[in-house]
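Here is the structure we will look at.
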Amino acid sequence: KNEVEQSPQNLTAQEGEFITINCSYSVGISALHWLQQHPGGGIVSLFMLSSGKKKHGRLIATINIQEKHSSLHITASHPRDSAVYICAVIRLGNQFYFGTGTSLTVIP
Amino acid sequence: NAGVTQTPKFQVLKTGQSMTLQCAQDMNHNSMYWYRQDPGMGLRLIYYSASEGTTDKGEVPNGYNVSRLNKREFSLRLESAAPSQTSVYFCASPTGLSSGNTIYFGEGSWLTVV
């Protein structure tokens, strides 16, 4: 069983919709990342969270340490948001563990 | 500031051939990692180097070797490629706990073993 579980695996939305991607983990962590991977492969870090909530433009990430759960929200989704979103947790020793990703397609 | 640079971008190998994937970071980070990404699976750690001169096995090290040549460079070698090593390979380097733990990835190397 993977230490990091994401849902849904695939998501299709109409432009403008509010999107939520969930991440649950089963181990103690020091922090959590949300990563974005566009077609063609490049992976970039969107957020690093250790508590609470962070907002960057139309993206909002939250984490509940007690419940071992994080969510990534996209408001007013746009086709350029189409990508794979990956949750990654950081454990002691600076080791990263990754979810399998959520493939998002936003249709105009 | 290039961040993490890895080469080659694409490679096709015949079973049994050897090759080396190169990775360099210009951010003066201590840690560097090699991951592979396969369909339906998360990024899996092959090997990592916590600092110059040290390397350790990750989750899926079999069939690979690594060299931390200096602080900048961390190479991954396939001595005798097998079709099961067909994958996308990513080199990555985190900033470390004291610097916010951001992680930077290379652009990926698509490897096909036939």
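The values are calculated or read from the model by the stated rules, or taken from the named source; none is laboratory data. Since the model is a prediction, treat every value here as computed from it, not as a measurement. So basically every Cβ, Gly included, is an ideal-geometry build from the backbone, and we count neighbours across all protein chains shown.
Rundown of residues vs (1) within 14 Å of chain A (Cβ to nearest Cβ); (2) buried (at least 17 other Cβ atoms within 10 Å of the Cβ); (3) modelled with pLDDT under 95, yes/no style:
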residue: B:PRO8; (1), (2), (3): yes, no, no
residue: B:GLN17; (1), (2), (3): no, no, no
residue: B:SER31; (1), (2), (3): yes, yes, yes
residue: B:ILE46; (1), (2), (3): yes, yes, no
residue: B:THR55; (1), (2), (3): no, yes, no
residue: B:GLY63; (1), (2), (3): no, no, no
residue: B:ALA82; (1), (2), (3): no, no, no
residue: B:VAL114; (1), (2), (3): no, no, no
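Could you look through segment B:33-44, keep only residues that are among the hydrophobic types (A, V, I, L, M, F, W, C) and facing chain A (nearest Cβ under 8 Å), and pick out the one that is farthest from A:ASN2 (Cα to Cα)? Spell out the reasoning first.
Filtering segment B:33-44 for residues among the hydrophobic types (A, V, I, L, M, F, W, C) gives B:34, B:41, B:43.
Subset that is facing chain A (nearest Cβ under 8 Å): B:41, B:43.
Details: B:MET41: 9, B:LEU43: 11 Å.
The selected residue is B:LEU43.
Would you check if B:LEU76 is at pLDDT below 95 and either within 14 Å of chain A (Cβ to nearest Cβ) or out of contact with any Gly (no Cβ under 6 Å at 6 or more places or on another chain) (or both)? I'd like the intermediate steps shown before the answer.
Working: at pLDDT below 95: no; either within 14 Å of chain A (Cβ to nearest Cβ) or out of contact with any Gly (no Cβ under 6 Å at 6 or more places or on another chain) (or both): yes.
Considered against the rule, which asks whether it is at pLDDT below 95 and either within 14 Å of chain A (Cβ to nearest Cβ) or out of contact with any Gly (no Cβ under 6 Å at 6 or more places or on another chain) (or both), B:LEU76 comes out as no.
Inside segment A:61-96, can you point out the residues that are assigned to a loop (DSSP other than H, G, I, E, B) and away from chain B (no Cβ under 14 Å)? Before the answer, list the steps.
Going residue by residue through segment A:61-96, those that are assigned to a loop (DSSP other than H, G, I, E, B) are A:65-68, A:75-78, A:82, A:92-94.
Those that are assigned to a loop (DSSP other than H, G, I, E, B) and away from chain B (no Cβ under 14 Å): A:ILE65, A:GLN66, A:GLU67, A:LYS68, A:THR75, A:ALA76, A:SER77, A:HIS78, A:SER82.
Would you be able to tell me the number of residues in segment B:71-96 that are in contact with a strand residue (DSSP E or B) (Cβ under 8 Å, 6 or more places away or on another chain), among the hydroxyl-bearing types (Ser, Thr, Tyr) and either under 16 Å from B:ASP56 (Cβ atoms) or in a loop (DSSP other than H, G, I, E, B) (or both)?
4
Suppose we keep only residues that are of a type in the set (Val, Ile, Thr) and either away from every other protein chain (no Cβ under 14 Å) or not in a strand (DSSP E or B) (or both) within segment B:97-112. Which one would you say is surrounded by the most Cβ atoms within 10 Å (Cβ to Cβ)?
Checking each candidate, the answer is B:THR102.
Quick check: anything in segment B:9-29 without any contact (Cβ under 8 Å) to a residue 12 or more places away in the chain and within 24 Å of A:GLY101 (Cβ to Cβ)?
Just the residues of segment B:9-29 that are without any contact (Cβ under 8 Å) to a residue 12 or more places away in the chain, to begin with: none.
The answer is no, given that none of the residues of segment B:9-29 is without any contact (Cβ under 8 Å) to a residue 12 or more places away in the chain and within 24 Å of A:GLY101 (Cβ to Cβ).
Could you say whether any residue in segment A:38-52 is surrounded by 14 or more Cβ atoms within 10 Å (Cβ to Cβ), within 14 Å of chain B (Cβ to nearest Cβ), in contact with an Asp or Glu (Cβ under 9 Å, 6 or more places away or on another chain) and in a loop (DSSP other than H, G, I, E, B)?
There is at least one residue in segment A:38-52 that is surrounded by 14 or more Cβ atoms within 10 Å (Cβ to Cβ), within 14 Å of chain B (Cβ to nearest Cβ), in contact with an Asp or Glu (Cβ under 9 Å, 6 or more places away or on another chain) and in a loop (DSSP other than H, G, I, E, B).
Just to be sure I understand, how many residues within segment A:54-66 are closer than 23 Å to A:ILE90 by Cα, in contact (Cβ under 8 Å) with a residue 12 or more places away in the chain and not aliphatic (A, V, I, L, M)?
Of segment A:54-66, the ones closer than 23 Å to A:ILE90 by Cα are A:54-56, A:59-66.
Now drop any that are not in contact (Cβ under 8 Å) with a residue 12 or more places away in the chain, which leaves A:59-63, A:65.
From the residues that got through so far, the ones that are not aliphatic (A, V, I, L, M) too are A:62.
The number of residues fulfilling the criteria is 1.
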